[in-house]
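Have a look at the structure below, then the notes.
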Amino acid sequence: MEIITNKYKKVSDFCYELFRIAELQLYNHKFSNKLYSNFQKLFLLVYKQFRKFTYEELLTDLEDNSSLKMYLGFNKLPHYTTIIKFEKGLPFEILEKLIMAFAKLIPEPKRVVIDSTGISLDNASPHYCKRIGLPYKKRPFLKTSLVFDIDNYFILLCKTGKSKRHDTKDAKPMIKKLAKLYKNIEIFYGDRAYDDEQIFKLVFETLNAYPIILQRRIDIPKHRRQGHYRKKMFAEFDYCEYRQRSKGETGNSILKKRFSANIKSKETKIQKRDLFSRIIAFNIDRLIRNGKEIILILIRIRRISY
């Protein structure tokens with residue numbers, strides 16, 4: 001079998017493997033025209049994130065890449081509006097399944113960190129906003145909570161939204177989901193925003209991990225603190241180990257520098273789907289950079305032309 005060296009052919013192999021693990025349907029309906037499969041359209045969304053193209057630029061670039069086009073099984077490329085309509089109607093459950101499918105591809109994480117960041121929805125510069133009289137100090141953004149494997153910088157889970165809400169509201173369901181996907185997590189890091197007795201309890205009892213979360217008001221003695229697990233961790237807190245939490249900030253920085261810190265789409269539906277496809281692209285990029293052995297296995301998967 002020919003060894004694949006083209007980067008984007010490897011990306012398509014990973015997309016196919018995720019598609020297979022998530023057990024997604026090849027077509028949305030049995031009466032669809034079956035011109036383009038869901039796998040082909042999902043790959044185009046991920047490929048768009050790698051190349052940082054608009055929808056039109058994406059298909060123009062692929063038109064000139066006959067080798068990749070043939071590898072994906074395209075006899076004729078779709079119109080860019082086909083990709084936009086597909087992304088608008090793509091259920092979040094499918095994108096979440098694809099992210100959770102990485103559990104079968106990446107090394108078992110031992111140390112994880114949760115952190116939130118903002119993905120800008122405005123591409124204009126502060127100077128331009130100031131000149132035309134638009135507010136530029138407080139811009140619209142997608143509040144995004146991410147769980148990173150700090151040893152390999154894979155994104156394990158993601159939760160996003162435009163509404164203002166406390167970090168603990170996103171963290172609790174994410175910890176429960178994390179416990180179902182990964183069984184060998186040893187340490188769970190978090191900053192002061194996650195100082196909540198319920199989170200400590202979930203990490204201890206559900207995740208079976210050791211929470212290293214910095215508590216608020218460290219000047220208050222142990223006997224005046226509330227919560228059994230908060231008191232326990234206050235007495236055993238290791239600040240030197242807690243400094244590993246900053247690797248969560250490193251993960252956010254890698255994501256934004258590699259795949260941009262802003263989203264250009266104007267519709268909320270597409271903005272959220274763009275972010276999820278960006279995270280899928282980020283994890284595939286990490287696999288290509290770090291997972292040499294698993295790549296050698298995946299590139300031997302039988303190619304199926306849809």
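Values quoted throughout were computed directly from the atomic coordinates according to the rules given, and no laboratory measurement underlies them. These numbers come from a predicted model, not from an experiment. In this analysis, Cβ positions are derived from the backbone assuming ideal geometry, glycine residues included, and neighbour counts consider all displayed protein chains.
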Residue-span extension gain [F237 to I220] - 0.36 nm each, minus C-alpha spacing:
4.7 nm
Of the cross-linked pairs K52/K269; K169/K232; K201/K231, which ones have a Cα-Cα span greater than 21 Å in the structure shown?
K169/K232
Express in whole angstrom the spacing between the alpha-carbon centres of the stretch 168-199 and the stretch 89-114.
15
Say we join alpha carbon atoms closer than 10 Å with springs in a Gaussian network model of the chain; which of R111, R216, R286 then has the biggest fluctuation?
R216
Scan around L157 for amide H atoms under 5 Å from its own, H built in the peptide plane at 1.01 Å from N, and keep only partners 5 or more places away or cross-chain.
V147
Gyration tensor on Cα atoms of the stretch 108-256, a ≥ b ≥ c root eigenvalues, a/c under 1.5 rounded, else prolate if a/b beats b/c, else oblate, says prolate
Please rank F31, F259, F148, fewest neighbouring Cβ atoms within 10 Å first, as an exposure proxy.
F31, F259, F148
Against the longest principal axis of the chain, how steep is helix 55-64, in degrees 0 to 90 to the nearest 10, with axes from Cα atoms?
50
Compute, for the stretch 108-256, the length of the dipole vector about the Cα centre, with Cβ point charges of +1 (Lys, Arg) and -1 (Asp, Glu) only. Units Debye, rounded to 20.
760
Summing -39500 (n - 2.57) over the DSSP H runs of n ≥ 4 in the chain and dividing by its residue number, what mean residue ellipticity at 222 nm do you reach, to the nearest 500 deg cm²/dmol?
-14500 deg cm²/dmol
Note the angle between two axes, namely the Cα long axis of helix 38-51 and the longest principal axis of the Cα atoms of the chain, as a number of degrees from 0 to 90, rounded to the nearest 10.
70
Pairs from K41/K180; K34/K164; K34/K177; K164/K256 whose Cα-Cα separation, in the structure shown, is over 32 Å
K34/K164; K34/K177
